[in-house]
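*Asks:* I'd like to ask you about the structure that follows.
The values are calculated or read from the model by the stated rules, or taken from the named source; none is laboratory data. Because the structure is a prediction, the values reported are computed rather than measured. Reconstructed Cβ throughout: ideal geometry from the backbone, glycine too, with neighbour counts over all protein chains shown. Remember, those area values only see protein heavy atoms, side chains included, never the ligands or the DNA or RNA. Shrake-Rupley method; radii C 1.70, N 1.55, O 1.52, S 1.80 Å.
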Amino acid sequence: MASARDYYSPTQLRTDQWSALREVTGSLGRSAPNEIMADDLAKAEQLFEELALIEPYWAFPGMVAFDHMRRQLEHSSFEDLAFTVHRVTRALATGAYRRRSIPLERDSIDQEEHDDEALLTTEARALAKPYFEVLVVDSVSEQQERWLKDNVAHMLRPEDPFVYEAVVVPSLEDALIAVMFNHNIQAIIIRPGLLLKSELNNEVLRSYLNRAGTQEEIDAIPPENLGPELCRMLARVRPELDVYLVTHRSVEDIANLDLGICRRVFYNQEDFLELHLNVIRGVEARNNTPFFTALVDYSKQPTGVFHAMPISRGKSITRSHWIQDMGAFYGPNIFLAETSATSGGLDSLLAPHGPIKEAQELASRAFGSKKTFFATNGTSTCNKIVVQALVRPGDVVLVDRDCHKSHHYGMVLAGAEVVYLDSYPLNEYSMYGAVPLRSIKQQLLALKAAGKLDRVRMLLLTNCTFDGIVYNVERVMEECLAIKPDLIFLWDEAWFAFARFSPTYRQRTAMRTANNLRERFDSDAHQRAYDAQQEELKDASVDLLLDTRLLASPDARVRVYATQSTHKTLTSLRQGSMIHVHDQDFKGEVEQSFHEAYMTHTSTSPNYQIIASLDVGRRQVELEGFEFVQRQLEAAMTMRRAISSNPLLKKYFKVLSTADMIPKAHRQSGVTSYFDSDVGWTDMWESWENDEFVLDATRVTLSVGGTGWDGDTFKTDILMDRYGIQINKTSRNTVLFMTNIGTTRSSVAYMIEVLVEIAKELDNLLDDASKMERLSFERRVENLMEKYPPLPDFSRFHDAFRPDDITPEGDIRTAYYLSYDDTNCDYFELDGTLQDMLDAGREVVSASFIIPYPPGFPILVPGQVISAEILAFMRALDVSEIHGYRADLGLRVFTEDALGKLA
Ligand SMILES: Cc1ncc(COP(=O)(O)O)c(C=O)c1O
């Protein structure tokens, strides 16, 4: 029996088991009766036994067909069995079962089987009615199940936009397993007969239950509450689905319960038509793409264009003698959909009232925000909008210093007093981690002690970081609110839009956490816990406050913003981004300034194709985000396992584990890696629920120092030039492989093949190397792996830019504009003048942002004192790209006179 340690995902387990069954039944089918191998028989029986624990959660092939195959085995009808299993596995692999019914009898003809499903044209696929499955939760006999399914089947009408099949499971536990496993499920009908416990004891699948609640929590559900509780638990794990509750309980009873994502309550068990109409309407609501549809409709209308945009309807191209190739390359539709019109069914992004407004509202529902705004020029712009909308000149903002450059520029524009927070360094790999909560609390408490808390406005953090470090969002927000109850949070989720669609990841997103905090702060239990803690913490020392997990006052305001580059992790054209808002004080305090900030940064000619792609990307995640993110995780995990268990690859490469990237003090669960070749898989859930930091498993950081090449050379000269593999982040001795929802198993396989080839070449090279060549290789490796310049902390703002020397906030805007006057600046060479100045004890202050790639964020900002550590780091950097640094002149610094004038 497969164990949870052997399989990262039950979907993979299912795929593997069906293909093993195809192989063994194929072999049985080809054997003459006297050649049947006992081993094959035993293996087939075992596979059937294992699949019997999995198949009840899927509509295809369905338990009737499955039991039929089992009987074929029992009756030694091996040829028939081989045929049926072949057809099932093929239909599963191609997804053909979604498009038509698959005849499984041997003499049945499946005409279309010969048309290779994979080769279906995009148009043919677009015309097929989408397929999904409806989960019915009820404990019924086989006969009743047939009756239920027949009833469901009879409801389907030719005019329905979708087709669906029913899957029936008997219990609450089975329902939770089903929605975590079967990604085809879009709607759940809970009937009054459901039970609590699952009878199928599959360890891999049971491990899913902890996503919905602890086993004690599940076991304690009273029988009369099973239906409502299931509604609530489903909301925790799959909030995008639709649930319908059929119940006998009185309307008054039900009205007092939290029914999670229940769309409607039914009292008549047999009103199948009403249920059917609701199911279809529910899925239609997610499938609806108001702006994309409006744009498609617009493109079909005959119009005469008498305003700007000659490219609109392709007119300037089709009449051209010279740019016909552009028309040929893009095809006509994109130009038919290019327009600057804001009427005729379209809308204006700057003042949305039609389909763009609607599309934003749907995105808000999908991402769990109170309000969502689209942006057509990336998260760089979203960040500036949020900062400008909320931060007033002189407000104190706490920012992780390795944040994206858009935040630094945002701080300049807003005139913020900035407190830069240091992330923990990973010197060995030349990268930063994230900011420990303790140091955030320390800064807030220091500002409080200095009487400046009322000026503190915002905490701005990157979640997850480029390298995949993920904060414990709930803990950070709650503990900070315990010190400053109206603190505003901006979470830069440029890399994290997909997280909403995995139950494990969702709990660390800004929007889910904002919702959770709102609910929790409202509860009596929280009020009691808070009062008790306040009593305990009376006259507490700073150390005690730092060591205690602080609870926020129930009166704290939940004010949370998240910016996401939809285009980085989900389906959207480049620059498609969203701002999600859950701010209790938005309406009263922010709406107007947000509008102004949005106007400041948004083009008056936003790109409609980008907006349409955001709308379609939202549709996709609401209907198949769960499936795609699951698949992405599987691809990343396959990569981890393949590299970690290949002896040849292990010689030169190492996948950095959680333990490599997160110091022990921040990993309370003790989890050290997601995969270990000795131990197998670790369930991510526990660490994601509790640890201060976790690692986004979809990002695989590979240490390549063992090859003797630095990260940049490995990326450009080896992966890109030789093998056409693109990656976009490196450090001194690592490269980052990012998977995304489009990553396929075959692209992972290709990547592994390439690594194996590189490792073999290195083996050959070293085999034939002279002693000197070998020594030179070892030196290069040693240099990359053991001699690393320590990453410097943010030093401090020069006194000229600080209100006092009690707390560290600095006025970056004054420093930034001071450098506009060239007479205020001078240039010093790194290993000449500058070093001498520091040696002589002079304070030298940067006049610019200095951004080396990698690591890709400013190691100096305007107004920052250049420390000996920063200079040493810059001198040790062997990267060629340092933005803001002029190799011919040196580092731009302020003159003493300029600083003196400010003092
Ligand atoms: C953390 C972070 N925030 C914001 C951005 C900017 O996003 P965009 O490229 O959508 O403007 C990036 C880009 O890489 C980023 O890494």
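*Asks:* Taking region 180-199 only, how many residues are closer than 19 Å to residue 51 by Cα and surrounded by fewer than 19 Cβ atoms within 10 Å (Cβ to Cβ)?
*Replies:* Adding up the residues that qualify gives 1.
*Asks:* Looking at region 573-602, which of the residues that are within 14 Å of the ligand (Cβ to nearest atom) and not in a strand (DSSP E or B) is farthest from residue 391 (Cα to Cα)? Steps first, answer last, please.
*Replies:* Quick first cut of region 573-602, residues within 14 Å of the ligand (Cβ to nearest atom) only: 573-579, 601-602.
Subset that is not in a strand (DSSP E or B): 573-576, 601-602.
Values: 573: 30, 574: 28, 575: 24, 576: 24, 601: 15, 602: 18 Å.
Here the residue is 573.
*Asks:* Determine which single condition residue 451 fails, assuming it passes every other condition in (1) open to solvent by 10 Å² or more (accessible area, probe 1.4 Å); (2) assigned to a loop (DSSP other than H, G, I, E, B); (3) within 16 Å of the ligand (Cβ to nearest atom).
*Replies:* Among (1) open to solvent by 10 Å² or more (accessible area, probe 1.4 Å); (2) assigned to a loop (DSSP other than H, G, I, E, B); (3) within 16 Å of the ligand (Cβ to nearest atom), residue 451 violates only (3).
*Asks:* Mind checking which residues of region 364-379 are of a type in the set (A, V, I, L, M) and within 16 Å of the ligand (Cβ to nearest atom)?
*Replies:* Filtering region 364-379 down to residues of a type in the set (A, V, I, L, M) leaves 366, 375.
Answer for region 364-379, where residues must be of a type in the set (A, V, I, L, M) and within 16 Å of the ligand (Cβ to nearest atom): just 375.
*Asks:* Do we find that residue 609 is touching a helix residue (DSSP H, G or I) at 6+ places or on another chain (Cβ under 8 Å), part of a helix (DSSP H, G or I) and open to solvent by 10 Å² or more (accessible area, probe 1.4 Å) in this structure? Step through it out loud before you land on a result.
*Replies:* Working: touching a helix residue (DSSP H, G or I) at 6+ places or on another chain (Cβ under 8 Å): yes; part of a helix (DSSP H, G or I): yes; open to solvent by 10 Å² or more (accessible area, probe 1.4 Å): yes.
In short, yes.
*Asks:* Within region 380-407, track down each residue that is open to solvent by less than 10 Å² (accessible area, probe 1.4 Å) and within 11 Å of the ligand (Cβ to nearest atom).
*Replies:* If the condition is that a residue be open to solvent by less than 10 Å² (accessible area, probe 1.4 Å) and within 11 Å of the ligand (Cβ to nearest atom), then 382, 383, 400, 403, 406, 407 are the ones that fit.
*Asks:* Mind listing just one residue for me: the one in region 474-501 that is basic (Lys, Arg) and either out of contact with any strand residue (DSSP E or B) (no Cβ under 8 Å at 6 or more places or on another chain) or free of Cβ contacts under 8 Å to residues at least 40 places away in the same chain (or both) and, of those, farthest from the ligand (Cβ to nearest atom)? Can you show your working first?
*Replies:* We begin by selecting, within region 474-501, every residue basic (Lys, Arg); these are 475, 484, 500.
When the remaining residues are screened for being either out of contact with any strand residue (DSSP E or B) (no Cβ under 8 Å at 6 or more places or on another chain) or free of Cβ contacts under 8 Å to residues at least 40 places away in the same chain (or both), the result is 475, 500.
Numbers: 475: 21, 500: 17 Å.
Across region 474-501, the extreme among qualifying residues is 475.
*Asks:* How about region 543-567: which of its residues are touching a helix residue (DSSP H, G or I) at 6+ places or on another chain (Cβ under 8 Å) and either free of Cβ contacts under 8 Å to residues at least 24 places away in the same chain or within 16 Å of the ligand (Cβ to nearest atom) (or both)?
*Replies:* Of everything in region 543-567, those that are touching a helix residue (DSSP H, G or I) at 6+ places or on another chain (Cβ under 8 Å) and either free of Cβ contacts under 8 Å to residues at least 24 places away in the same chain or within 16 Å of the ligand (Cβ to nearest atom) (or both) turn out to be 548, 561, 562, 563, 564, 565, 566, 567.
*Asks:* Also, quick follow-up: Looking at 125, 71, can you tell me which residue is modelled with pLDDT of 80 or more and either open to solvent by 60 Å² or more (accessible area, probe 1.4 Å) or in contact with a strand residue (DSSP E or B) (Cβ under 7 Å, 6 or more places away or on another chain) (or both)? Working first, answer last.
*Replies:* On the way: 125 fails: modelled with pLDDT of 80 or more.
Of the residues listed, the single one that is modelled with pLDDT of 80 or more and either open to solvent by 60 Å² or more (accessible area, probe 1.4 Å) or in contact with a strand residue (DSSP E or B) (Cβ under 7 Å, 6 or more places away or on another chain) (or both) is 71.
*Asks:* Let me ask another. Just one of (1) open to solvent by 70 Å² or more (accessible area, probe 1.4 Å); (2) not in a loop (DSSP other than H, G, I, E, B) trips up residue 362, so point out which.
*Replies:* Here residue 362 meets the rest and fails (1).
*Asks:* Given the conditions (1) part of a loop (DSSP other than H, G, I, E, B); (2) within 16 Å of the ligand (Cβ to nearest atom); (3) more than 21 Å from the chain's Cα centre (by Cα), and given that residue 458 satisfies all but one, which numbered condition is not satisfied?
*Replies:* (1) is the only condition that residue 458 fails.
*Asks:* Residues in region 89-96: is at least one among the hydrophobic types (A, V, I, L, M, F, W, C) and modelled with pLDDT under 75? I'd like the intermediate steps shown before the answer.
*Replies:* Of the residues in region 89-96, the ones among the hydrophobic types (A, V, I, L, M, F, W, C) are 91-93, 96.
Filter once more, keeping what is modelled with pLDDT under 75: none.
The answer is no; no qualifying residue exists.
*Asks:* Cβ contacts < 7 Å: first residue on the phi > 0 side of the Ramachandran plot, restricted to region 583-598; second residue in a helix (DSSP H, G or I) and acidic (Asp, Glu), any location; separation 6+ or different chain. Result?
*Replies:* Sorted first by the residue in region 583-598, then by its partner, the list stays empty.
*Asks:* Quick one: count up the residues across region 569-599 that are in contact with a Lys or Arg (Cβ under 6 Å, 6 or more places away or on another chain) and open to solvent by less than 10 Å² (accessible area, probe 1.4 Å).
*Replies:* 2
*Asks:* What residue, among those in region 612-621 that are crowded, with 24+ Cβ neighbours inside 10 Å and away from the ligand (no atom under 16 Å from the Cβ), is farthest from residue 297 (Cα to Cα)?
*Replies:* Checking each candidate, the answer is 621.
*Asks:* What number of residues within region 408-439 satisfy the criterion of being open to solvent by less than 20 Å² (accessible area, probe 1.4 Å), closer than 28 Å to residue 800 by Cα and either at pLDDT below 95 or of a type in the set (A, V, I, L, M) (or both)?
*Replies:* Qualifying residue count for the region: 8.
*Asks:* Does residue 546 satisfy being over 27 Å from the mean Cα position of the chain (by Cα), modelled with pLDDT of 95 or more, assigned to a helix (DSSP H, G or I) and under 30 Å from residue 494 (Cα atoms)? Talk me through it step by step, then tell me what you get.
*Replies:* Details: over 27 Å from the mean Cα position of the chain (by Cα): yes; modelled with pLDDT of 95 or more: yes; assigned to a helix (DSSP H, G or I): yes; under 30 Å from residue 494 (Cα atoms): yes.
Taking the combined requirement at face value, the residue satisfies it.
Residue-wise test of (1) in contact with a Gly (Cβ under 8 Å, 6 or more places away or on another chain); (2) surrounded by fewer than 17 Cβ atoms within 10 Å (Cβ to Cβ).
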{"position": "704", "(1), (2)": "yes, no"}
{"position": "715", "(1), (2)": "no, no"}
{"position": "720", "(1), (2)": "no, yes"}
{"position": "730", "(1), (2)": "yes, no"}
{"position": "735", "(1), (2)": "yes, no"}
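*Asks:* Looking at region 419-432, which of its residues are out of contact with any His (no Cβ under 8 Å at 6 or more places or on another chain) and more than 16 Å from the ligand (Cβ to nearest atom)?
*Replies:* Filtering region 419-432 for residues out of contact with any His (no Cβ under 8 Å at 6 or more places or on another chain) gives 419-423, 425-432.
419, 422, 425, 426, 427, 428, 429, 430 - these are the residues of region 419-432 that are out of contact with any His (no Cβ under 8 Å at 6 or more places or on another chain) and more than 16 Å from the ligand (Cβ to nearest atom).
*Asks:* May I ask you to verify whether residue 602 is open to solvent by 10 Å² or more (accessible area, probe 1.4 Å) and either under 22 Å from the mean Cα position of the chain (by Cα) or touching a residue at least 24 places away in the same chain (Cβ under 8 Å) (or both)?
*Replies:* Judged against the criteria, residue 602 is a match.
*Asks:* Still on this structure, I have one more. Restricting the search to region 178-222, which residues are β-branched (Val, Ile, Thr), part of a helix (DSSP H, G or I) and modelled with pLDDT of 90 or more?
*Replies:* Looking only at region 178-222, we keep the residues that are β-branched (Val, Ile, Thr), and these are 179, 185, 188-190, 204, 214, 218, 221.
Okay, now just the ones that are also part of a helix (DSSP H, G or I), so 179, 204, 218.
The answer is 179, 218.
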